[in-house]
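Before any comments, here is the structure.
The values are calculated or read from the model by the stated rules, or taken from the named source; none is laboratory data. Keep in mind that this is a model prediction, so the values were computed, not measured. Ideal geometry is used to build each Cβ from the backbone, glycine not excepted, and the neighbour counts take in all protein chains shown. The accessibility values were calculated without ligands, DNA or RNA, using every heavy atom of the protein model including side chains. Shrake-Rupley method; radii C 1.70, N 1.55, O 1.52, S 1.80 Å.
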Amino acid sequence: MRELAARLLITPSALGELSFDDALQVVDRMRLRVIEAGTVFVREGESAGSDHMLLILDGELSVENTDLGQGEADMVVRLMGPGSLIGELGLLDGAPRSASCVAHTDILAAELGREAFVRLIEDDPRVGARLLLAIAKRMADHLRDATRRLRLFTQMNRVLSRELTPLDPA
């Protein structure tokens with residue numbers, strides 16, 4: 001299980017910048033967690049217990065956000081499976097979660113809590129620094145992708161606004 005977790009941790013969907021040896025050291029600090037199908041195991045807006053990240057080893061989940069237009073319904077943002085990493089922001093800052101996660105199947109995950117993360121940085125600063133850099137790169141990639149999507153949405157909004165604006169009769 002240790003080697004499987006390390007291999008999944010260094011996939012492009014997780015923290016591909018880590019070496020296999022670095023990943024083994026990180027995995028040694030993680031604990032296994034089983035989540036039953038149907039469980040909402042991360043709740044959008046909650047900060048209690050948000051100071052960890054999960055590496056999905058087996059199973060499928062959906063990441064969901066409250067539909068801001070309706071305020072009631074949840075919108076599936078992404079489907080995730082083995083090799084997916086969730087909660088790295090919470091690991092760093094413990095702030096309220098930005099989305100909810102729902103287990104579609106039973107899930108086996110490896111969890112890295114903030115205490116174990118801090119101990120890793122203290123015990124092996126080089127591996128800790130590489131882990132921090134890998135997390136930072138992952139967050140930068142997500143921010144760039146969100147910026148690209150926002151630009152596209154803005155362009156589409158401008159085009160639609162022009163199409164829907166009535167012609168000036170003058």
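Listing for the model above:
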read-out	value
Residues of the range 85-124 with amide N under 19 Å of the 7 Å Cα→Cβ point at PHE20	none
Farthest toward positive dipole pole in the range 87-165 [+1 Lys/Arg, -1 Asp/Glu at C-beta], among THR154, ALA116, VAL127	THR154
Value at 222 nm in deg cm²/dmol, rounded to 500, when DSSP H runs of n ≥ 4 in the chain each add -39,500 (n - 2.57)	-13500 deg cm²/dmol
From the C-alpha gyration tensor of the range 1-65, square roots of 5λ in Å	23, 13, 12
Translational diffusion of the chain, µm² s⁻¹ [Kirkwood Rh, Cα pairs; Stokes-Einstein; 37 °C; 0.692 mPa s]	186 µm²/s
Compactness of the range 98-170, expressed as Rg and Dmax over alpha-carbon positions, Å	22.3, 75
The range 61-134 - percent of accessible surface contributed by carbon and sulfur, probe 1.4 Å	55 percent
Per residue solvent-accessible surface (Å²) - the range 28-127, probe of 1.4 Å	53 Å²
Extension gain from LEU92 to ILE121, taking 0.36 nm per residue of separation minus the Cα-Cα distance	9.2 nm
Accessible area, probe 1.4 Å, largest first, for residues VAL77, VAL34, VAL40, VAL127	VAL34, VAL77, VAL40, VAL127
Span per principal axis, largest first, for the Cα atoms of the range 74-119 (Å)	34, 22, 14
Efficiency of FRET from Cβ geometry, GLU44 and ARG7, R₀ 22 Å, rounded to 0.05	0.15
